[in-house]
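One structure below.
The values are calculated or read from the model by the stated rules, or taken from the named source; none is laboratory data. Because the structure is predicted, anything quoted here is derived from the model rather than measured. Don't worry about glycine lacking a Cβ; one is built from the backbone with ideal geometry, like all the others, and counts go over all protein chains shown. Surface areas here come from the heavy atoms of the whole protein model, side chains and all, with no ligands, DNA or RNA. Shrake-Rupley method; radii C 1.70, N 1.55, O 1.52, S 1.80 Å.
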Amino acid sequence: MLPASFTPQFLRQLELFKLHARRSFLGTREGGHLSVKRGHGIVFSDYRKYEYGDNPRHIDWGLYARSDRLYVKRFQEEQDLRVNIIIDASSSMFIPADEHKWRVARDLALTISYVALMSQDSVFLSVPGLYESSICHGGRSIHTLGSDLLKLSSQGLSDFEAHALRMAKKIRFPGLAIVISDFLMPIPSIEKIFGTLRARNLDLTALQVLGPGDILPLENEPHAIAVDSESGQEIELLMNTDTQVQYTHLLNKHTEKLVNYFNSARIAYSLVLAHKATPEHLLSGLSSTGLIQ
Amino acid sequence: MNLLPLLTEIGFLYPYMLWLTPVALGALVYAYLRRGRAKRIVVSSTFILQNLKRSGFGKSRFSPPLRFFFELLILTLLLLCAAGLFRLSANNRVALLIDNSISMDQRAETLSLLDLVKVDVKNYLESLPSNSLITIFTSAPALKIVDEPALRIGGALRAIEKITVQYAHDNLEQSMEALSNQSYNSVVVFTDRPGKESDKDSQNNLEESLQKVSLHSNVSIRTQTPNLRDNFAIARIALNTVGLENDSYTLTATVNSYSRTSQKLKVLLQGATLNNPILEKVEEKSIELRAGDTTQLSFDRIPQSMHGFKVSLESLDRKFDVLAADNSYYITTESKREPILLVSQFTPEALGLDKLKNFAFTRLEPTKLSSLTTIPDTVIFHRVVPEAPPSSNTLYVFPPSENRLIPLASKPVEKTAVTLWSPTHPVLQYLNVPSLNLTQVYPLALPAGAEPLINIPEGIAAYSQEHQSKRNVVLGFEVFPFEGKENRALSILILNILKWLKNSALEAGYFLASSAAPHSGSWDEASYISTEEKIVRLPSGEFYLPMPGIIKITSSSKNSLAAVNFFDGDESNLLNPRPVGLSAVTLSADSAQERRNLVAPLIFTLLVFLLLDMLFMNLRGRLSSIKLRTSNEI
């Protein structure tokens, strides 16, 4: 079962896309991605000396003619790509409830999963602290993933960093890793998460989901006591124009640091605004990262 | 607008309560900071907001709404009430002390000195500023407020008409002392007494406390009638039973002259009976009294059928006797019966003492002497002697031979004669001592300090003692029963002894005018026979006697007559009135201004504000609900 936004038209649209990895990874089965494994494929890789038992069809006769030595062609095998999707389900993703940050994050994950599964890639989806899927193959697995994600709701989780690190350490197979979160946390925490994932030899992508409440909090309550949804910390603020301007400046500064880090760490990054998260927007966001093509 | 005078007029009864101001103000501000419009809102993350606050932005500033100032006003009113805000009143507080003693009744023609003083008081009142608050006091018989304690000028002018002369001493010094240290701007005394010379000098020194106290002696009277201060008065009268017949009275009257010249006076004696309580002329005498002299008149052989007497005098030239109030004196036979305790195994009737009408004998049996708790003024020990001498005037008649208090010199003797007697002692006055027939006499041992009265060959038959104003007479022989003319010598002796012990002739007691008759609560009725004046029964039950005269008392269906008098030599001596000293009066430092407590109006204002606040909140709530309903309907 998939969310209502996954209409048949949208799904058909998604089938035209394919996930793209910036480098080759070893797969587990035949797929649509060039693997580091050498074998039978389409894309020529290199030559090696003929050995008894090699298929004579792979002998490069032209090279033989030139060198009077027998060489066989080696090809990159096309294997599947392991796609690891990590979704932040801490309390901040569910607050404010009407901004549907979690829903957008969920839809992003399912979109990526569908594209991957339809391209014969394998998908591992985890919601640190809440949910871990099995390694999914084939297009039908999307329904299982959709049903599982639809059942999830805010459990008041906090400390996404700790959960994400635990999850990251469980990833054994290289491939893609996509982290979907609001990333409203200190940069060092983000660096720690991605550092751990990088150590797993993963191609990293960060998708940030922000809602209007993150961009301009307390807009209708100029004098309020803001309570952190995860830590419960309280801050009393008077949100006048100057304060709002300063907040925007600080948010941009944080985002800038985030982008700088991702750039320096060669992590693909895209910002998705929850209040504008139409399917087209989602696709364009994913496309902008180069994740899907 | 100059606020400085207003600020100097403001004060606080409990200024330390103002220390609560910063606490209260802080609490109000804190309440508004906490109350304000700060709403708790859960946000996804305060990560950026923390940085915002660290950079100094978003701090809540205290921006109070209009209601804050309204509540601040209410808080201020509460604090002012707690601190006891008062305003020093600008009222001019004046006390007028009017001497309404008997001397103020002196008259030139028809107007008394008090009437003229009232005119003086009115002129003074009309000279006062309009913001004056006046308290009028009268001094006689005691300091008393006339009408209300604080009167405006109009009220004071009406109140002084209520003042009347009292048959009493002026009580000025005590009254002025009572007025000391009270919150008056000035105290003005209206009296016929002059001020002391020392006070006149100190007035020239302009001492503030004395400046505020002024003395108004009515000089105008003296200038109008230079001879107005001459006066004659009856100082006292006494009624004696005469001799042995006991069937008539002698009345003696003491007349004082407070005049500068000799004057002829007419003295009239009037009498009334109990059954016909109307005063009728008994006798009239004319005397001439020298200036400043005192004389005694006697009216003899007054029939004992009369019970009440009035002696009055009249100067042939009225202008030499300006005070008529002291020209009369009253006496009755029943006004006072001297109590005497008889310690004897015989009753007063058995001893013939019931014939002595002017004494009230109560008997105590000798065996019950130890039970006596209060010793009366005069005691007769008849054939008995106590263990210890009592503290009273005492007559010992024929003491027993065995007693320790009055030792006998020798054994009793029979039929002895008097050899010596005291020629001047009052006890033996009018007595033919040798005619005393002494049948049995115990010769007495004369104690130290005693004066022998009657000597016999065997010793002392009678002696007297005086010690610490107490008098004793000891008779070594029997004098009872009292037989009157049947035994004249002994009867005279008994009468003289009782007279000497009581230290007076029968000066019948009287009630004091301008006072409540003591113990008159048991009377059923009382009325004057000598005047139309009414006797008022006080709430305490006692009867108030406003003036001298003879009153008829009905008690337990029995009628009696009693005398009411007043005489004071100082009041009658108009020639040389005693100066009154002003130094007795000192006014307190804060007497200049009266504190007007503003707490009550503050509380009233506070309640009005609170009511408005409640109404406003209620109205605001209703408007909000109307607005909400309206938006919902849309």
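Figures for the structure shown
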{"quantity": "For the stretch B:418-475, alpha-carbon Rg and Dmax in angstrom", "calculated": "11.2, 34"}
{"quantity": "Mean Cα-pair separation over length for the stretch A:172-241, i.e. relative contact order, pairs under 8 Å, 6 or more apart, %", "calculated": "28 percent"}
{"quantity": "For the stretch B:271-394, alpha-carbon Rg and Dmax in angstrom", "calculated": "21.5, 65"}
{"quantity": "For chain A, accessible area per residue (1.4 Å probe, heavy atoms of protein chains only), Å²", "calculated": "46 Å²"}
{"quantity": "Computed P(r) (all Cα pairs; the stretch A:114-265; 10 Å bins; percent)", "calculated": "9, 32, 32, 19, 7, 0"}
{"quantity": "Of every Cα-Cα pair in the stretch B:62-121, the percent that sits beyond 14 Å", "calculated": "75 percent"}
{"quantity": "Distant alpha-carbon pairs in the stretch A:132-222 (separation over 24 angstrom), percent", "calculated": "34 percent"}
{"quantity": "Compactness of the stretch A:72-146, expressed as Rg and Dmax over alpha-carbon positions, Å", "calculated": "15.4, 62"}
{"quantity": "Amide H partners (placed H, <5 Å) of residue B:282, local residues excluded", "calculated": "B:269, B:270, B:271"}
{"quantity": "Under the span-like rule (Cα at least 20 Å along the axis, Kyte-Doolittle mean at least -1.0), DSSP H helices of chain A", "calculated": "A:101-118, A:241-264"}
{"quantity": "Approximate spin-label separation residue B:411-residue B:177, in nm, with each point projected 7 Å along Cα-to-Cβ", "calculated": "6.6 nm"}
{"quantity": "Antiparallel content of DSSP bridges confined to the stretch A:178-274, in %, to 5", "calculated": "35 percent"}
{"quantity": "Pair-distance profile P(r), taking every C-alpha pair of the stretch B:265-304, with 10 angstrom steps and integer %", "calculated": "23, 45, 24, 8, 0"}
{"quantity": "Anchor residue B:534: lysines whose Cα lies under 29 Å away (excluding residues fewer than 8 positions away in-chain)", "calculated": "B:118, B:144, B:162, B:266, B:281, B:310, B:336, B:552, B:558"}
{"quantity": "Dimensionless Rg/Rh of the stretch B:404-524 - Kirkwood Rh, Rg from C-alpha atoms", "calculated": "1.12"}
{"quantity": "Area buried, chain A against chain B - accessible surface, total, 1.4 angstrom probe, square angstrom", "calculated": "2700 Å²"}
{"quantity": "For q = 0.26, 0.31 Å⁻¹, Debye-computed log10 I/I(0) when each Cα of the stretch A:158-206 counts as one equal scatterer", "calculated": "-1.02, -1.36"}
{"quantity": "Volume of the Cα convex hull of the stretch A:243-293, divided per residue and given in Å³", "calculated": "69 Å³"}
{"quantity": "Sequence of A:169, B:285 when ordered by accessible area, the most exposed leading, probe 1.4 angstrom", "calculated": "A:169, B:285"}
{"quantity": "Shielded by partner chains, the stretch A:234-256 residues - at least 50 Å² of accessible area, 1.4 Å probe, vs chain alone", "calculated": "A:235, A:236, A:237, A:238, A:246, A:247, A:250"}
{"quantity": "Directionally averaged shadow of chain A, computed from the convex hull of its alpha-carbon atoms, nm²", "calculated": "18.2 nm²"}
